[in-house]
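What follows is a short report on a single structure.
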């Protein structure tokens, strides 16, 4: 299993594959999930992380194989190991076009396209949310479980400390976390696109942000405010989602489903 001591090796492996250096994300995932590594001697040549949400759902992320070890079936070996460890009726992940064929062979199906929007937010705050208070936390965790379809209280226990902002309203909430110079916006939980936009505005003012969205109307609103589409991934699932996911306008991060 990977430990925080393996973080530098994980970053080197990501760089080998052209990934951005994201130490904050890796560190958080290794804290809330379980990381697995493949080694060739002392060299880390493959990774994956499994984040389990109770016995109901697991998210698979950070599936990487060193360029020097491609074509040997190591990616499939990593994902099969992750699935065995997850042992959950629902497993989700976000896939690039490169990884999608492997995941389809392992029983995943695509349920939507997620577009990462990045840019300096050019709007103003709506003023319709407030900073989370200690008394709000249980409600946030409970609503998240309703929306996501699984109890993620353990993840939230870490996220409340990791997040740079968590703001709440009577009908939703939004969080942000710092990924280098970029403010990552998510999760965003709201009853409508208009409400989601108001929540995003309250945390995005004056920042360069990234918001991963499936709803094209929210994407268009972001683009109109300077946060433009950069790349896409496919949300894939093995099993079937539950929960009221229509209210989930942006994930915490793609790595957490």
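The values are calculated or read from the model by the stated rules, or taken from the named source; none is laboratory data. Because the structure is predicted, anything quoted here is derived from the model rather than measured. Cβ placement follows ideal geometry from the backbone for every residue including glycine, while neighbour counts extend to all protein chains displayed.
In region 105-125, the condition of being part of a helix (DSSP H, G or I) and either at positive phi or surrounded by fewer than 12 Cβ atoms within 10 Å (Cβ to Cβ) (or both) is met by at least one residue. Test residue 199 against the stated conditions and say whether it is crowded, with 18+ Cβ neighbours inside 10 Å and touching a helix residue (DSSP H, G or I) at 6+ places or on another chain (Cβ under 9 Å). For residue 199, the condition - crowded, with 18+ Cβ neighbours inside 10 Å and touching a helix residue (DSSP H, G or I) at 6+ places or on another chain (Cβ under 9 Å) - is not met. Return yes or no: is residue 186 at positive phi and in a loop (DSSP other than H, G, I, E, B)? No, not satisfied. Just one residue in the set 213, 118, 143, 113 is in contact with a helix residue (DSSP H, G or I) (Cβ under 8 Å, 6 or more places away or on another chain) and either within 24 Å of residue 234 (Cβ to Cβ) or not assigned by TED's automatic domain parsing to the domain that holds residue 82 (or both); that residue is 213.
Each row is one residue, and each column tells you yes or no for (1) surrounded by fewer than 18 Cβ atoms within 10 Å (Cβ to Cβ); (2) more than 16 Å from the chain's Cα centre (by Cα); (3) at pLDDT 95 or above.
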site	(1), (2), (3)
152	no, no, yes
158	yes, no, yes
167	no, yes, yes
172	no, yes, yes
178	yes, no, yes
189	no, no, yes
203	no, yes, yes
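In region 63-92, the residues that are surrounded by fewer than 18 Cβ atoms within 10 Å (Cβ to Cβ) form Cβ pairs under 9 Å with partners that are assigned to a helix (DSSP H, G or I), at six or more places apart or across chains, as follows: 67/16; 68/16; 76/102; 76/105. Evaluation of residue 206 against the conditions (1) within 29 Å of residue 52 (Cβ to Cβ); (2) part of a loop (DSSP other than H, G, I, E, B) shows that the sole unmet condition is (1).
A count restricted to region 38-73 and to residues that are farther than 29 Å from residue 144 by Cα and either in a loop (DSSP other than H, G, I, E, B) or under 14 Å from the mean Cα position of the chain (by Cα) (or both) stands at 7.
Out of everything in region 4-37 that is crowded, with 21+ Cβ neighbours inside 10 Å and not in a helix (DSSP H, G or I), what residue ends up being nearest to the chain's Cα centre (by Cα)? Checking each candidate, the answer is 33.
Within region 93-103, the set of residues being free of Cβ contacts under 8 Å to residues at least 60 places away in the same chain and not in a loop (DSSP other than H, G, I, E, B) comprises 101, 102.
Can you find a residue in region 223-244 that is at pLDDT 95 or above, outside the structural domain of residue 99 (by TED's automatic domain parsing) and in a helix (DSSP H, G or I)? Yes - at least one qualifying residue is present in region 223-244.
Go through region 245-255 and give me each residue that's more than 11 Å from residue 148 (Cα to Cα), touching a helix residue (DSSP H, G or I) at 6+ places or on another chain (Cβ under 8 Å) and part of a helix (DSSP H, G or I). 255, the sole residue that qualifies.
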